[in-house]
Structure formats: structure tokens, C-alpha cells
Amino acid sequence: MSLSKEEFCDRVYEFARQVPEGRVTTYGAIARAVGEPKSSRRVGYAMRVSDQADSPIPAHRVVSSSGTISCKATRVRQFLENEGVDIVDDKIRGFKKLFWDEFEK
DNA sequence: GTGGTGACGTATA
DNA sequence: GTATACGCCACCA
């Protein structure tokens, strides 16, 4: 591994902040964006600790690769619906359309 | 030091 | 489309 925890979290947060309203991205996409496609789990950890970050992180716009929400305990669904994202059974409808990756920025 | 756990992903059937 | 298996890495008891 080449990135330290600090570097990793910093890049993850930076990427997450770039996600526009009404759009979503995946942990895997972020993991690849930071150069650690195998460390998708660390992305999830970074999102979990995003509450401690200095700047607010729209972690609710980050979901699993299939568009399913894992962290429903934090009212992520409510946030996404408020931004105009259709959620059905904790899954994003038209997720593929709303998907936002590093090449679309 | 070791093992279990988790805001995960990909591969396979 | 779902179910199962395996890998991956950081955190915590």
C-alpha cells in the first residue's frame, strides 16, 4: 500500500465533496480514484468517521456498487430523497443514471 | 499478537 | 434477479 491513512481519508473526502447534489457514487469508485481498488473497506471507514472531519462530508451520496444503502441508520435515505434521488427499498432507482465518477467531473 | 467485525467489491453459480 | 464464497484492510476487544 502506498497511501497512509491520512492521505487516503483526505482523497476520499475530497472526492466525496465533489459529488454534486442529486448524484451518487460508490465506495469502489472512490477506492479506485484514490488508487486502492482493493481497499474499498477503508472508504467505508473513512465515511463512518466523516462526522469527525472538519468539513461536512456528504457521505449519504456514497453507496455500495449496486446502489444499495448500507448505513440506513443515519437517515441516508431521507437525505437522498430530499435531493431528488428516488429510493426504493433502500436501493437507488436509476442508480446507473445518477452514478457519478471521476471522469464525469 | 490474535481473532472478530464491518457505511465493501468482485467472481461465480 | 438472488445466494454464496473469498479477498481486502483498518479498528477494537
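Laboratory data are not the source of any read-out in this text; all were calculated from the coordinates shown. Predicted model, so just to flag it, every value in this text is computed and none were measured. Positions of Cβ are backbone-derived with ideal geometry, glycine not excepted, and every protein chain shown enters the neighbour counts.
Consider just the alpha-carbon atoms of the range A:5-99 and return their Rg together with their Dmax, both in angstrom.
Expressed in Å, the Cα Rg and Dmax of the range A:5-99 come to 12.3, 35.
Report the extension gain between A:GLU14 and A:GLU104 in nm, rounded to one decimal, defined as 0.36 nm multiplied by the number of residues separating them, less their alpha carbon distance.
30.9 nm
Tell me, what is the FRET efficiency for A:ASP90 and A:SER55 to the nearest 0.05, using R0 = 25 angstrom and their Cβ-Cβ distance as r?
FRET efficiency, A:ASP90 to A:SER55: 0.40.
By a straight-distance test (C-alpha under 12 Å), which aspartates and glutamates pair with A:LYS91 as possible cross-link partners, with residues fewer than eight away in the same chain excluded?
A:GLU81
Let me make sure I get this right: for the range A:66-105, a, b and c are the square roots of the gyration tensor eigenvalues over alpha carbons, sorted descending. Under 1.5 in a/c it's rounded, otherwise prolate if a/b > b/c, else oblate. Which is it?
prolate
Give me the distance in nm between label points sitting 7 Å out from Cα along the Cα-to-Cβ direction at A:ASN82 and A:ARG48, one decimal.
2.4 nm
Excluding A:ALA29 itself, calculate the net charge of residues whose Cβ lies under 9 Å from the Cβ of A:ALA29, where each Lys or Arg counts +1 and each Asp or Glu counts -1.
With Lys, Arg at +1 and Asp, Glu at -1, the net is -1.
Hey, quick one: spin label on A:LYS38, modelled 7 Å out along Cα-Cβ, who in the range A:1-28 has an amide N within reach, i.e. under 14 Å?
Residues A:1-3 fall inside that zone.
Between beta-carbons, use under 11 Å as the cut-off and find the net charge around A:GLY84, counting Lys and Arg +1, Asp and Glu -1.
Result for the neighbourhood of A:GLY84: -3.
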